[in-house]
Ligand SMILES: NC(=O)c1ccc[n+]([C@@H]2O[C@H](COP(=O)([O-])OP(=O)(O)OC[C@H]3O[C@@H](n4cnc5c(N)ncnc54)[C@H](OP(=O)(O)O)[C@@H]3O)[C@@H](O)[C@H]2O)c1
């Protein structure tokens, strides 16, 4: 597909946070999140991922995923990093992951030329930078019933307010409260 014919890629967020607004402990630990997730309930994650062409994530999220026993994604993954290169990818990931140093607008244009329409955007800093650039269409935010007190914040600082429309909220027996917002 040529750049001229490519449409836009919309960014979509699906993220879990503690009630006090952290997506991970300061050292990146997310075992509290996995511990809380109830067996057999994915809170709509698989259905969300089915609608995505692939995942755009920050280096921080990528490095955490590398600590899992098995690579957790079936869809193509683009890792945004100005410090990693494709040479840093371990064997077996080269056909699943690519490293890009393109800024948010540019990588979304590149992915559009490759036929992507919907990108799952993940990682606190990366989500914040995509929000700032107006590249996020909607957010599914799941609040977990835990207070961490400190950690990596869900959203970073913004130069301007970003108005959202509340689409709906689902409460789960696990105590997870999931809200969907459209970015206006
Ligand atoms: N609770 C959840 O649902 C959830 C979801 C996702 C992630 N997490 C956790 O959150 C932690 C990672 O989040 P994070 O906020 O620290 O990092 P992140 O957003 O995943 O990655 C940030 C890094 O990405 C690179 N980068 C490249 N382009 C960027 C851009 N335009 N904007 C921002 N960063 C860019 C930079 O690394 P370079 O220096 O290499 O350029 C930057 O330091 C991990 O522990 C992960 O497990 C939790």
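Nothing in this text is a laboratory measurement; each read-out follows from the coordinates by a stated rule. Only a predicted model underlies this, so the values are computations on that prediction, with no experimental measurement involved. Cβ atoms come from the backbone with ideal geometry, glycine included; neighbour counts cover every protein chain shown.
The figures follow:
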quantity: Label-reachable residues, the stretch 96-124, where backbone N falls under 14 Å from a point 7 Å from residue 53's Cα toward its Cβ; calculated: 106-121
quantity: Cα Rg, Dmax (largest Cα-Cα span) when computed across the stretch 95-184, Å; calculated: 15.3, 43
quantity: Relative counts (whole %) of C-alpha pair distances in the chain, using bins that are 10 Å wide; calculated: 9, 36, 39, 15, 2
quantity: Inter-label distance for residue 42 and residue 19, nm, one decimal - labels placed 7 Å from Cα along Cα-to-Cβ; calculated: 2.8 nm
quantity: Size descriptor, Kirkwood hydrodynamic radius, that averages inverse alpha-carbon separations across the stretch 15-69, Å; calculated: 12.9 Å
quantity: Gain on full stretching of the segment that runs from residue 85 to residue 169 - 0.36 nm per residue minus C-alpha separation; calculated: 26.3 nm
quantity: C-alpha long axis of helix 104-113 to longest principal axis of the chain, angle in °; calculated: 60 degrees
quantity: Helix-derived mean residue ellipticity, 222 nm - over the chain, DSSP H n ≥ 4, -39500 (n - 2.57), to 500; calculated: -5500 deg cm²/dmol
quantity: Distance in nm between pseudo-label sites at residue 117 and residue 133 (7 Å out along the Cβ direction from Cα); calculated: 2.2 nm
quantity: Residue 29 paired with residue 98, simple spin-label distance in nm, labels 7 Å along Cα-to-beta-carbon; calculated: 3.7 nm
